[in-house]
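Since the structure comes first, as structure tokens, the remarks are kept for the end.
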Amino acid sequence: MNTEQIKNAVEKYHNYIVEMRREFHRYPEVSGKEQHTREVLVRELEEMKVPYRLLPGTGLIGIMEGGKPGKHRVVRADIDALPITEAKENLKQEKVCISEKPGVCHACGHDAHMAMLLGTMKVLVEMKEELEGTVYCCFEEAEEDITGVEAMMEALKDYPIDECFALHVYSGLEAGKIDISAGPRMAGTAGIGFYLNGRSGHSSRPDQAINPIIPAAHIITQLNSAFMNQIDAEKTVTLSICMMNGGSADNVIPERVYVGGTARFFDREEGEKAQQIINKIIENTAACHNCTVDFQPRNHIMVYPVINDAAVAESVRNAVSKLCGEQVIGSCDHWYASESYSRYLEQYPGALGFLGIRNEEYGSGAAHHNEKFDVDESVLPLGVCAELAFLFQ
């Protein structure tokens, strides 16, 4: 790995990386609707003369063959935004740019992920003869609702992938630091989503109706009790009921009620156990109140935890340290959010790195999925260096 050549190339494209992040940020698109985003990505790949493959939906893969034989590696970025109205200010001051689409914004950092991967590709084009093997630059659609990853995984079956790597900017880590640790890094998600069907009626005679609100309330309290008493205390599973919708009048018993939420876990078996507890309580409680249940498609294990391969995590961490210095290596706890990147790690040895963006002086550090969320753009070259360290180690 020619460290000086790589660092000089990254610095050369510093402004490009920042400009691309801002372009993506101004024109965000929600999951499954990233048509313009893909057009911008295609524009950039064609400008670089990088062959690409369009996937069903809005995802794509840029394919970069090196000048020397070697491994086949994946580097991945997600491309979707969130249905959130963005605030003009971060935690301290006005942001350098904000979304120009009302009600939609990049409040998780996927704009930065795309910009960094494009920056990595710029360097790879310049250093093609030194690159060993083939790199598949994966731009994954619809990560936020976990509906785009299957198209990507299906496409990757056509290639002999050896290893994979991805970055996620993280407000829980200091700007200028990167954490690439082995083991569980992000949580799995057990989805909760179901309708309780009763029988509507007049509120004056509940005995002549079947009120689905009552078993819904019992289910919510029983789930909390069951998690407290049945989940292994050494294997934390969090529970959040976030929705209960039913009824439209004060004196009318509704026909049905919807309940939705999630459970998050880092242990695969305990997560599956939690899902079984959830379903059992729902079914049995509904039956006790003469209600029926319609489980919705999201009521299952939606995604398993992100678990970094120990060997890959160590090798990338060492390569980053060699390229950028030991001072950039940071440490943080695992993150209770979930990531479809876990699907890659189920198929291939790989790792997910956290790139710190928390900078109190600048005002970045608001939680992800928050209107004040912002990215300290000064860290973007470090992210590019980390991806290149993975590829040139």
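Here, each number is a calculation from the coordinates, and none is a lab measurement. Only a predicted model underlies this, so the values are computations on that prediction, with no experimental measurement involved. Please note: Cβ atoms are built from the backbone with ideal geometry, for glycine as well, and neighbour counts cover all protein chains shown.
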DSSP bridge pairs, the chain: antiparallel proportion in percent, nearest 5
65
Mind checking the dipole of the chain: about its Cα centre, +1 per Lys or Arg Cβ, -1 per Asp or Glu Cβ, Debye to the nearest 20?
460
Qualifying trypsin sites (Lys or Arg not before Pro) in the stretch 323-372, DSSP loop, other Cβ atoms within 10 Å at most 12
none
Reduced to Cα centres, the span from the stretch 92-148 to the stretch 318-335 in Å works out to 21
Contact order normalised by residue count of the stretch 22-112, Cα under 8 Å, 6+ apart, percent
38
Using alpha carbons only, how many degrees (0 to 90, rounded to 10) separate the axis of helix 110-126 from the longest principal axis of the chain?
20
Choice from M152, M302, M228 showing the highest fluctuation, given a GNM over the chain with Cα pairs closer than 10 Å
M228
Counting Lys and Arg as +1 and Asp and Glu as -1, each charge on the Cβ, what is the dipole of the stretch 249-393 about the Cα centre in debye, to the nearest 20?
300
Which of E143, E94, E377 ends up with the largest GNM mean-square fluctuation for the chain, with Cα atoms connected below 10 Å?
E94
For percent of Cα pairs over 31 Å apart, which listed value, [x] 42; [y] 46; [z] 32, comes from the coordinates shown?
[x]
Sparsely packed GluC sites (Glu not before Pro) within the stretch 208-316, loop by DSSP, other Cβ within 10 Å at most 13:
E234
Neighbourhood charge, 15 Å Cβ-Cβ cut-off, centred on N245 and excluding it, Lys, Arg +1 and Asp, Glu -1:
0
Treating the angle as unsigned and between 0 and 90°, give the value, to the nearest 10°, between the Cα long axis of helix 14-26 and the longest Cα principal axis of the chain.
30
Count the DSSP beta bridges whose two residues both fall in the stretch 1-151, then state the antiparallel fraction as a percent rounded to the nearest 5.
55
With the Cα gyration tensor of the stretch 83-165 giving a ≥ b ≥ c as the square roots of its eigenvalues, does the rule (a/c under 1.5 for rounded; else a/b larger than b/c for prolate; else oblate) give rounded, prolate or oblate?
oblate
Space enclosed by the convex hull of the alpha-carbon atoms of the stretch 317-393, per residue, Å³
117
How do S171, S31 line up, fewest other C-beta atoms within 10 Å first?
S31, S171
Filtered trypsin sites (Lys or Arg not before Pro), the stretch 1-56: DSSP coil and at most 15 other beta carbons within 10 Å:
K49
Size of the dipole of the stretch 126-223 about the Cα centre, Lys and Arg at +1 and Asp and Glu at -1 on the beta carbon, nothing else charged, in debye to 20?
1120
Take the chain, connect every pair of alpha-carbon atoms lying under 10 Å apart with a spring to form a Gaussian network, then pick out the residue of C332, C291, C242 with the largest mean-square fluctuation.
C242
Take the alpha-carbon centre of the stretch 347-382, take the same for the stretch 149-222, and report the distance between them in whole Å.
22
What is the sum of charges, Lys and Arg at +1 and Asp and Glu at -1, for the other residues whose Cβ falls under 14 Å from the Cβ of C291?
-1
Could you state the angle between the C-alpha long axis of helix 310-324 and the longest principal axis of the C-alpha atoms of the chain, as a value from 0 to 90 degrees rounded to the nearest 10?
50
